[in-house]
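Written below as structure tokens is the structure these notes are about.
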Amino acid sequence: MTTAEESTQVQCADAPALRDGNADEPDDDGDLTDMLGELRVLLPTAQLLSAFLITVPFAAGFAAIVTAEKGIFLATFLLSVASLVLLSAPAVQHRLIRPLTNRARFKRLATRQIVVGSLTLALALVLATQFVLSAVFGHAVGNVAAGLMATLIVVLWWVLPKVWRVGGRL
């Protein structure tokens, strides 16, 4: 057997079996490239929110806001930065531990980090909505808008995907 044939056999042995273009394993949600691509959608949101929040304490009116709103700001800022760390972790880890010896385990760990990072990002978005709209329109509007934003995120990010998965629609 030639070196080229051996190389082809090794590549084929490492690749998942395909059926109609999809992996045979029902719990296989794509390769690492797909996962890292999904992070490219979430990371800019966390980056933009964190960048906005970094500037807030330096605004002229920040010193005048009430202590409760400063608490909301602190929680929002910490959640935003935590989401940035959690969402970027799989890409950094993937780069540092290459080549992967256990792809399935890495995908499970990375998925957990992405889900927790998405949760912290969702909370930061809700609190940012409350913080900004309370400052502009008052606490009643800020609280209602934050509740609506929380509902929208829960439905679109968690409820619909679960319903679609259980129903076999996607």
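Computed from the coordinates by the stated procedures, all read-outs in this text should not be read as laboratory data. What you are looking at is a predicted structure, and each value in this text was computed from that prediction instead of being measured. Here the Cβ is made from the backbone with ideal geometry for all residues, glycine too, and neighbour counts use every protein chain on show.
Considering only the Cα atoms of segment 30-167, their convex hull presents on average a projected area of 9.7 nm². For segment 89-170, the list of trypsin sites (Lys or Arg not before Pro) that fall in a loop by DSSP and count at most 10 other C-beta atoms within 10 angstrom reads Arg169. Using 0.36 nm per residue and subtracting the Cα-Cα separation, the extra length available between Ala140 and Thr111 on full extension is 6.8 nm.
Our estimate of slack between Lys70 and Arg40, defined as 0.36 nm per intervening residue step minus the Cα-Cα distance, is 7.8 nm.
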